[in-house]
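First up is the structure itself, then whatever we jot down about it.
The values are calculated or read from the model by the stated rules, or taken from the named source; none is laboratory data. All values reported here derive from a predicted model rather than from experimental measurement. All Cβ positions, glycine included, derive from the backbone under ideal geometry; neighbour counts span all protein chains shown. Side chains included, ligands, DNA and RNA excluded: accessible areas come from the protein's heavy atoms. Shrake-Rupley method; radii C 1.70, N 1.55, O 1.52, S 1.80 Å.
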Amino acid sequence: MTRKLFGTDGVRGTANSYPMTAEMALKLGAAAGRHFRRDGSNGHRVVIGKDTRLSGYMIETALTAGLTSTGMNVLLLGPVPTPAVGYLTRSMRADLGIMISASHNAHQDNGIKFFGPDGFKLSDADEEAIEKITEGEITPAQPANIGRAKRIDDAGGRYVEYAKTTLTRGTQLNGLRIVLDCSNGAAHRVAPQLLWELGADVIPIGTSPNGLNINLECGSTYPRTCAAKVLETGADLGITLDGDADRLILIDERGQIADGDQIMALFARRWAEADRLHEGVLVATVMSNLGLENFLQGHGLRMERTSVGDRHVVERMRQGGWNLGGEQSGHIVMTDYATTGDGMIAALQFLSAMVETDKPASMLSHSFEPVPQMLKNLRYAPGVDLLSKAEVQAAIEDGKLRLNGRGRLLIRKSGTEPLVRVMAECDDESLLSDVVNSIIAEMETVA
């Protein structure tokens, strides 16, 4: 089946444009309800969380209407992180979990992510089944079987209490000054509360959402705001989350940025030393720096690479029985604790390392020297297939030949935006720049 709705991470698009319309959300809700209420009995439930985008109200209401029309009972969580939806789907014994968010994208975008009853994102088969149902007539429930909707006021508090259990009992963050950038997103309430309850001196920024400022010059995709605040306040650490708080970037006390690769390097080494890293394997994507792979090999560990997307990372982890993985962008997946990337639980693990070792962030957040890497994005017009153009293919092949034995080249389309990403690594920065810029220049002629 050719998928028209679902991409690499649920359904995503510009709000009030297909497929992010109220009409489509209504159909998706009804289709998901019909798919998961297979036996026709009452008592089925779904939890819905969201971030702080203005369009979230519209989509939440439409989804609720669709779900209740097929007999599903809806539990509305309000603004909570994506990993909280995964956790609460399981803990509340729901048949389905839904997160309304476009993650790190700007406010005009939105998305719908689905979780199964085990708290993991839906399989391809389930997504294809839901998409197929949306294309036909959906049988509604009988009047007496229409579902109910209820708002869960303490959803954030439940997640906070669970997150604290992932730390060793008695671990406190007393004396640590932490700048926390919540990206005006889903974690703007729960994240400061979590750190405060553990004793930290919290300096919150990005905690005043207005529906339009999510990810705007803040958060994990704009860490310079947090870095400046760390230096201004003399903080011990900066934590930057994205709009739905499933990923993070760290800032050390010197204002230096540590990406997901550096965070994974620290966790992999510490977990291996504690005999916690299953089979000595870290799962990462093709975007992770070659320096990380070299670091792991130097410690007798192994990297398994996957396609881009935390969903692919999680699938590979589950297939291999491995418990640590993630992405350079800051998704850190620890299946001992969570079913998806979790920015705050990853931050707690890093803070735990600071407390246990009594070392500053700068000594823990830079485990290896990255191989020079360059990533450039090119936006293209709808209907244009850049990668099929002969001149673009020729430029890519030329780049591969020039990097042969010196580095690697990766070209891919974004799964969530009309972008082509050109990434290369090479020990010769001049050659690296020339290769990437030559490919981008060729693409620009046909974009």
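A few remarks follow.
- Subset of region 209-250 (residues that are touching a residue at least 60 places away in the same chain (Cβ under 8 Å) and among the hydrophobic types (A, V, I, L, M, F, W, C)): L212, I214, L216, L237, I239, L241, A245, L248, I249, L250
- Which listed residue, of V384, V333, V446, V420, is modelled with pLDDT under 95, among the β-branched types (V, I, T) and part of a strand (DSSP E or B): V420
- Looking only at region 121-143, and only at residues there that are open to solvent by 40 Å² or more (accessible area, probe 1.4 Å) and of a type in the set (S, T, N, Q), the one that is farthest from S220 (Cα to Cα): Q142
- Unmet requirement for I133, which otherwise passes all of (1) over 15 Å from L26 (Cα atoms); (2) in contact (Cβ under 8 Å) with a residue 40 or more places away in the chain; (3) assigned to a helix (DSSP H, G or I); (4) touching a helix residue (DSSP H, G or I) at 6+ places or on another chain (Cβ under 9 Å): (1)
- Among the residues of region 228-252, the ones that are in contact with a strand residue (DSSP E or B) (Cβ under 6 Å, 6 or more places away or on another chain) and closer than 22 Å to A186 by Cβ come to 10 in all.
- Members of region 63-83 that are in a helix (DSSP H, G or I) and more than 22 Å from N210 (Cβ to Cβ): L63, T64, A65, G66, L67, T68, S69, P83
- Subset of region 258-291 [under 20 Å from the mean Cα position of the chain (by Cα), open to solvent by less than 20 Å² (accessible area, probe 1.4 Å) and under 25 Å from D236 (Cβ atoms)]: A258, G260, D261, Q262, I263, M264, A265, L266, F267, A268
- For region 69-120, filtered to residues that are among the small types (G, A, S) and open to solvent by 20 Å² or more (accessible area, probe 1.4 Å), the residue that is farthest from K27 (Cα to Cα) is S91.
- Meets criteria (aliphatic (A, V, I, L, M), open to solvent by 20 Å² or more (accessible area, probe 1.4 Å) and touching a residue at least 12 places away in the same chain (Cβ under 8 Å)) for M423: no
- In summary, T70 fulfils each of the numbered conditions (1) over 24 Å from R148 (Cα atoms); (2) over 25 Å from the mean Cα position of the chain (by Cα); (3) of a type in the set (V, I, T) with the single exception of condition (1).
- Residues being polar (S, T, N, Q), within 28 Å of L195 (Cβ to Cβ) and out of contact with any Asp or Glu (no Cβ under 7 Å at 6 or more places or on another chain) - total across region 352-381: 3
- Within region 228-257, being open to solvent by 10 Å² or more (accessible area, probe 1.4 Å) and over 17 Å from the mean Cα position of the chain (by Cα) holds for A228, K229, L231, E232, T233, G234, D236, E253, R254, G255, Q256, I257.
- Matching residues in region 20-45 - criterion: being part of a loop (DSSP other than H, G, I, E, B) and modelled with pLDDT of 95 or more: M20, T21
- Pairs with Cβ under 7 Å, 6+ apart, first in region 382-402 and without any contact (Cβ under 8 Å) to a residue 60 or more places away in the chain, second in a loop (DSSP other than H, G, I, E, B): P382/P418; K389/V446; V392/V446
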